[in-house]
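**Q** My questions all concern the structure below.
The values are calculated or read from the model by the stated rules, or taken from the named source; none is laboratory data. Keep in mind that this is a model prediction, so the values were computed, not measured. For the accessible areas, the whole protein counts, side chains as well, though only heavy atoms, and no ligand, DNA or RNA atoms are used. Shrake-Rupley method; radii C 1.70, N 1.55, O 1.52, S 1.80 Å.
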Amino acid sequence: MRWAIRQRFASGEFRVSSAPYGYSIEDGNLVINQAEARIVREIFQQFSKGMSASRIAKGLNHKHVATKRGGQWRSNTVINILRNSNYTGDMLCQKTYSDDQYHRHFNQGELTQYLIEDHHPSLVNHETFNRVQVLLKEAV
């Protein structure tokens, strides 16, 4: 089964099973959820202008914007959105993996990762995404 999944990664035919904030799944494909997409773009814009992740989260909570699961926004939720390259329309596959005991691990070179470019509609362009990655590194 793992071999079949990796073959779909390599051929670019991978279908997602869960959608990141800003997207929904229709017929196995990511499509833009307009209401959530507006929030994602706002997060990237505010962070690009120097607002901290915690201030962005507080602002979203103050406006009663729901997270994907209906919870409260936290700074790490905002940071995870800012770090997610899927918002560029590209899909990086095998960012995590399960070991033989079914424990999930971040893939830090143990397994091949697959980049599928233009996999789905983008919410932010590559230039904005890359600029935010630089700002995130500076903030640490």
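**Q** Please compute the contact order of the chain in relative form: average sequence separation of alpha-carbon pairs under 8 Å and at least six residues apart, divided by the residue count, as a percent.
**A** 23 percent
**Q** Roll a 1.4 Å probe over the protein chains and send me the accessible area per residue for the chain in Å².
**A** 65 Å²
**Q** Per residue of the chain, what 222 nm ellipticity follows from adding -39500 (n - 2.57) for every DSSP H run with n ≥ 4, rounded to the nearest 500?
**A** -12500 deg cm²/dmol
**Q** State the percentage of accessible surface on the chain attributable to carbon and sulfur atoms; use a 1.4 Å probe and exclude ligands, DNA and RNA.
**A** 49 percent
**Q** Now a separate question. Please work out whether the chain counts as rounded, prolate or oblate from its C-alpha gyration tensor, where a ≥ b ≥ c are the square roots of the eigenvalues and a/c under 1.5 means rounded, while otherwise a/b larger than b/c means prolate and anything else oblate?
**A** It is prolate, given that a/c is not under 1.5 and a/b is the larger ratio.
**Q** What figure in square angstrom, to the nearest 10, would you give for the accessible area of THR128 with a 1.4 Å probe?
**A** Accessible surface of THR128 is approximately 30 Å².
**Q** May I ask which of LYS95/LYS137; LYS58/LYS137; LYS63/LYS137 have a Cα-Cα span longer than 26 Å here?
**A** Pairs exceeding the cut-off: LYS63/LYS137.
**Q** Please give the solvent-accessible surface of GLU117 in Å², to the nearest 10, using a probe radius of 1.4 Å with every protein chain present.
**A** For GLU117, the solvent-accessible surface is approximately 130 Å².
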